[in-house]
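First the structure, in the form of structure tokens, and then the observations on it.
The values are calculated or read from the model by the stated rules, or taken from the named source; none is laboratory data. Everything quoted here is computed from the prediction, not taken from an experiment. Heads up, the Cβs are rebuilt from the backbone with ideal geometry, glycines too, and the neighbour counts pull from every protein chain shown.
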Amino acid sequence: AQKITQTQPGMFVQEKEAVTLDCTYDTSDPSYGLFWYKQPSSGEMIFLIYQGSYDQQNATEGRYSLNFQKARKSANLVISASQLGDSAMYFCAMRAENSGGSNYKLTFGKGTLLTVNP
Amino acid sequence: DAGVTQSPTHLIKTRGQQVTLRCSPKSGHDTVSWYQQALGQGPQFIFQYYEEEERQRGNFPDRFSGHQFPNYSSELNVNALLLGDSALYLCASSLMGPGTEAFFGQGTRLTVV
């Protein structure tokens, strides 16, 4: 079974500062993918970044980077230079990925509500 | 390039009724998954469709059923609606295979009264 833990129900950050959102996971699958999504109040789930368990480099997408520490089973999201529009709920998720080509369900954490203050 | 589109965006139904939600995947994607998100919670996996077959199912009763069409679009059907079925229903599409990103639609907000 897979489990995602996000221990920060809410986070506050000043505009233009960096912020780290924590995510730890637990799985027995040898190959897996880790995701971060942003969900504004409108409800749409916006894909931010993906990290494969066998990727050697940490994933980056613009102002988003994923700090992947496999031994510690953590996949923290770092947002640099926060903007007011970054205020939203952020979800960490994972799925098993086997070499046979099948990918499976996404398992989500409970989310972290980020508020960016001007 | 259109992303994942869902319809309708909002829906109000009466307890006991049936509902059908629709999803068109992102262009080029062949796999569609459905999720239920209750207020204040993370999304919960309902089921996944690939090659017009249900490939994996979460812990949801048989009242929840689905279908995938040859053009990869999908429907989620819920019978005998309960008040507890009120939630945001999200559709996600991806390519089948490791290392592929999963994109979501804007969701359908279902209210059962």
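Could you list, in sequence order, all residues of segment B:74-112 that are farther than 17 Å from B:Leu21 by Cβ and in a loop (DSSP other than H, G, I, E, B)?
Hits for segment B:74-112 are B:Leu95, B:Met96, B:Gly97, B:Pro98, B:Gly99, B:Thr100, B:Glu101, B:Ala102.
With A:Ser41, A:Ser74, A:Ser80 as the choices, which residue is surrounded by fewer than 18 Cβ atoms within 10 Å (Cβ to Cβ) and within 23 Å of B:Thr5 (Cβ to Cβ)?
Result of the check over A:Ser41, A:Ser74, A:Ser80: A:Ser41.
Would you check if there is a residue in segment A:86-107 being within 14 Å of chain B (Cβ to nearest Cβ), modelled with pLDDT under 95, crowded, with 20+ Cβ neighbours inside 10 Å and part of a loop (DSSP other than H, G, I, E, B)?
So far as segment A:86-107 goes, yes, one or more of its residues are within 14 Å of chain B (Cβ to nearest Cβ), modelled with pLDDT under 95, crowded, with 20+ Cβ neighbours inside 10 Å and part of a loop (DSSP other than H, G, I, E, B).
Consider A:Ile49 against the criteria (1) crowded, with 19+ Cβ neighbours inside 10 Å; (2) on the phi > 0 side of the Ramachandran plot: it satisfies all of them except one. Which criterion is unmet?
Only one criterion is unmet by A:Ile49, namely (2).
Does B:Gly66 meet the test of being over 24 Å from A:Tyr32 (Cα atoms), out of contact with any Pro (no Cβ under 7 Å at 6 or more places or on another chain) and surrounded by 21 or more Cβ atoms within 10 Å (Cβ to Cβ)?
Judged against the criteria, B:Gly66 is a match.
A:Gly111 is checked against (1) modelled with pLDDT under 95; (2) within 10 Å of chain B (Cβ to nearest Cβ) and fails just one. What number does that condition carry?
(1)
If I ask for residues that are surrounded by fewer than 20 Cβ atoms within 10 Å (Cβ to Cβ), more than 10 Å from chain A (Cβ to nearest Cβ) and of a type in the set (S, T, N, Q), which ones from segment B:80-113 would you list?
Scanning segment B:80-113 gives B:Ser86, B:Thr111.
Of everything in segment B:36-56 that's of a type in the set (D, E, K, R) and surrounded by 13 or more Cβ atoms within 10 Å (Cβ to Cβ), which residue is farthest from the other protein chains (Cβ to nearest Cβ)?
Ranking the qualifying residues of segment B:36-56, first place goes to B:Glu54.
Suppose we keep only residues that are under 10 Å from the mean Cα position of the chain (by Cα) and at the interface with another protein chain (Cβ under 9 Å from one of its Cβ atoms) within segment A:12-48. Which one would you say is nearest to A:Leu113 (Cα to Cα)?
Here the residue is A:Tyr37.
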